[in-house]
Structure formats: structure tokens, C-alpha cells
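A.B. asks: This is the structure I have questions about; it appears just below.
All of the numbers you see were taken from the coordinates with simple rules; none came from a lab. Being a predicted model, the structure only gives us computed values, none of them experimental. Glycine gets a Cβ as well: all are built from the backbone with ideal geometry, and neighbour counts include every protein chain shown.
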Amino acid sequence: MRQADITRNTLETQITVSINLDGDGHGTFATGVPFLEHMLDQICRHGLIDLNIQAVGDLHIDAHHTVEDIGITLGQAFAKAIGDKKGIRRYGHAYVPLDEALSRVVIDLSGRPGLVYNIDFTRAAIGQFDVDLFSEFFHGFVNHAMVTLHIDNLRGVNAHHQAETVFKAFGRALRMAVEPDPRMAGVTPSTKGTLTA
């Protein structure tokens, strides 16, 4: 089982993430940011990844530090859980629709951090959640998971649908990338022989 537990404590946040890449899609969240928890649940259910994320942050200021630091800690946990990456597919992609919205996510477990992020949200907030924070979440994740991630919302009118298609597609793409490839058993899927920077 590819699992990891990471705790990150700063003056702004205290966060614990437990991850199981070979899970059943179960998530347990206590972050104080309900809409983010709804999105994290999409990663679990569609990626068949088990996550337990507990976070206490300076929400009296706003959700910025909490959301970004959850992305960072999740990235650290993912990097630890995936290990040496031998025998995995490495690449993953998914298109996911929800009514009028459609998003595409493509990931490479390359060992190099990179984010291409194209979402033109139709409004600035979903309920109380500032949509700018999604970019902070994904930047935190890629910089610490050491992956290359392309996110494109291809169309959408409802901002909730835009966000949900992105997170569902992200979960699906992760699921594909971490999946064992029986033809690559014991082999690092790289001509360099390594998937570190």
C-alpha cells in the first residue's frame, strides 16, 4: 500500500494529511473551508484515493494560507506515497463534463514542478470561497509533489460546475498516472532512468 502521513506546522496553519494511493475513495476532512472539502472529496472519489486532511488556519484573516498550505502538504504526502515511481503509468489525463461545463486535466509525474492553469471563472466567489485560491492550491501541490500539471476549463457558465469538473478530472488523471502498468513492472518509465529533478 502506497501511503504517507505528513504534518506541517507554521505560524499560520497546522495541517495533517494522510494519503493512501491504493484506497477506495474515502475522504475525511476538517479544514474550516467547506467548499474546498467538497472539491477534495472529488479527488478521493474519482481518483480512488483515501485522504484524511485536518487543518487549523488563520481563517479570521481569510482562507488563503489554509488553502495554499493544504495544497503544499498534500503535495508532500503524495511525493512520499508514490515512492520511486517504478512500474507506474506516469502520465494521466481526463476530460470531465458537468452539464454545460467541461474540463481537461493532464499530469506527468515527472519529478519537475510545473503548472499551466487556464480557468476563466465566471464569478469571483462560489459562496464564500474565493476562486483565486484554487490556483494557490494547485501551485502548492505541484511544487511539492514534483509533478507537471496542465489544467484547462474548456467551457462553463456555472462557476461551481467549472470547479467541480476540474477537481473530478484531476482525480481521474491522478488515478491513471499512479496506476501500476504490468508491462513496466519494476521499470522506471523514463529514458533517463529516474523521475527526480
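A.B. asks: Using the Karplus curve 6.51 cos²θ - 1.76 cosθ + 1.60 with θ = phi - 60°, what ³J(HN,Hα) values do you get for each residue of segment 2-12, in whole Hz, with x for Gly and Pro?
C.D. replies: Running phi through 6.51 cos²θ - 1.76 cosθ + 1.60 with θ = phi - 60° gives 8, 10, 7, 10, 10, 10, 10, 10, 10, 5, 9 Hz.
A.B. asks: Only bridges with both residues in segment 3-184 count here: give the DSSP antiparallel percent, nearest 5.
C.D. replies: Numbers: 33 of 42 bridges.
If we restrict to bridges inside segment 3-184, about 80 percent are antiparallel.
A.B. asks: Same structure again: For helix 159-178, what angle does its Cα long axis make with the longest principal axis of the chain, in degrees from 0 to 90 and rounded to 10?
C.D. replies: 20
A.B. asks: How far, in degrees from 0 to 90, does helix 64-82 lean away from the longest principal axis of the Cα atoms of the chain, to the nearest 10?
C.D. replies: So the helix axis and the longest Cα principal axis differ by about 10 degrees.
A.B. asks: Among K80, K86, what is the fewest-to-most ranking by other Cβ atoms within 10 Å? Before the final figure, lay out each step's value.
C.D. replies: Numbers: K80 17, K86 13.
The fewest-first ordering by Cβ neighbours comes to K86, K80.
A.B. asks: Report the one residue of P113, H144, P182 whose Cα lies farthest in the direction of the positive end of the charge dipole of the chain (charges on C-beta: Lys and Arg +1, Asp and Glu -1; origin at the Cα centre).
C.D. replies: Highest projection toward the positive end goes to P182.
A.B. asks: Under the rule that an exposed site lies in a DSSP loop and has at most 16 other Cβ atoms within 10 Å, name the longest stretch of the chain with no GluC sites (Glu not before Pro) of that kind, not counting the sites themselves. Can you show the working numbers first?
C.D. replies: Working: sites that count: E12, E100.
The longest such stretch corresponds to 101-197.
A.B. asks: Please report the spacing between the Cα centers of segment 144-188 and segment 4-80 in Å, no decimals.
C.D. replies: Each part reduced to its Cα centre gives a spacing of 17 Å.
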